[in-house]
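What follows is a set of notes on a single structure, which appears directly below.
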Amino acid sequence: MLANERVALALISWIAGLMACIEGLTSIPAGSTAMLANALIFLQLSINATFALRSSFGIAARKHWGIQLQGAVMMLLGGLVCAAVIRWSMMGSIPHPSLMISVGALAFVASLGSWAIMLKHSSAPAGLGALWQAGRSDAVSNVAVIAAGGAVALTSSNIPDLVIGGGMAALFVLSGWRIAVTGRLEAGRPG
């Protein structure tokens with residue numbers, strides 16, 4: 001892997017990690033489960049880019065136990081967002097739609113920046129190619145956060161945020177389970 005592809009992976013990891021922090025931290029005062037779930041998707045993109053970067057230096061980052069651990073962490077974080085959905089549904093508080101829309105728009109711009117980096121290096125070996133799937137999910141979830149913010153503003157209800165946040169968290173738990181199972185199956189194969 002060329003040095004500029006490593007820089008691209010580092011940039012994607014940094015952008016996604018920064019957006020995970022921004023969106024995760026602003027989801028609490030916004031009272032938005034959709035933002036919290038979207039922060040997890042950014043976190044996953046950052047982790048994937050970091051693993052690809054490490055493997056480009058010859059560091060075995062995707063050992064079977066590492067894959068299983070990544071899946072378990074995803075399931076745990078997704079479960080915590082599901083718990084937040086339950087808690088915020090009992091509280092009945094309305095999320096702040098303007099914060100949801102503005103941070104969702106910022107997240108979408110960050111996703112477009114990551115996509116532009118990936119597009120420039122689309123012929124790169126597996127490192128950047130594997131990030132396309134995560135980047136696509138990330139862009140869709142950003143639009144979902146913006147839509148949830150709009151729906152909350154129109155309905156003056158927390159239900160759109162809870163539905164979208166809960167759905168995204170459930171998909172995150174399912175993805176984590178699949179990753180953990182894949183790691184366990186690969187660990188059982190003779191190498």
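Looking at Leu106 and the list (1) surrounded by fewer than 20 Cβ atoms within 10 Å (Cβ to Cβ); (2) at pLDDT below 90; (3) within 17 Å of the chain's Cα centre (by Cα); (4) of a type outside the set (Val, Ile, Thr), which single condition is not satisfied?
(2)
Is it the case that Ile47 is surrounded by fewer than 21 Cβ atoms within 10 Å (Cβ to Cβ) and at pLDDT 90 or above?
When the stated conditions are applied, Ile47 does not pass them.
Quick check on this structure: which one of Ala39, Ala52, Ala30 is of a type outside the set (Val, Ile, Thr) and modelled with pLDDT under 85?
Ala52
Go through the range 1-45 and count every residue that is touching a helix residue (DSSP H, G or I) at 6+ places or on another chain (Cβ under 6 Å) and not in a helix (DSSP H, G or I).
Of the residues in that region, 2 qualify.
Counting only residues that are charged (D, E, K, R) and modelled with pLDDT under 95, which one in the range 118-169 is farthest from Gln44 (Cα to Cα)?
Applying the filter and picking the extreme gives Lys120.
Being surrounded by 16 or more Cβ atoms within 10 Å (Cβ to Cβ) and not charged (D, E, K, R) is the filter; apply it to the range 149-162 and report the residue that is nearest to Leu106 (Cα to Cα).
For the range 149-162, the residue satisfying everything is Gly149.
The values are calculated or read from the model by the stated rules, or taken from the named source; none is laboratory data. Keep in mind the model is a prediction, meaning the values are calculated, not measured. Positions of Cβ are generated from backbone atoms using ideal geometry, with glycine treated the same way; all protein chains shown enter the neighbour counts.
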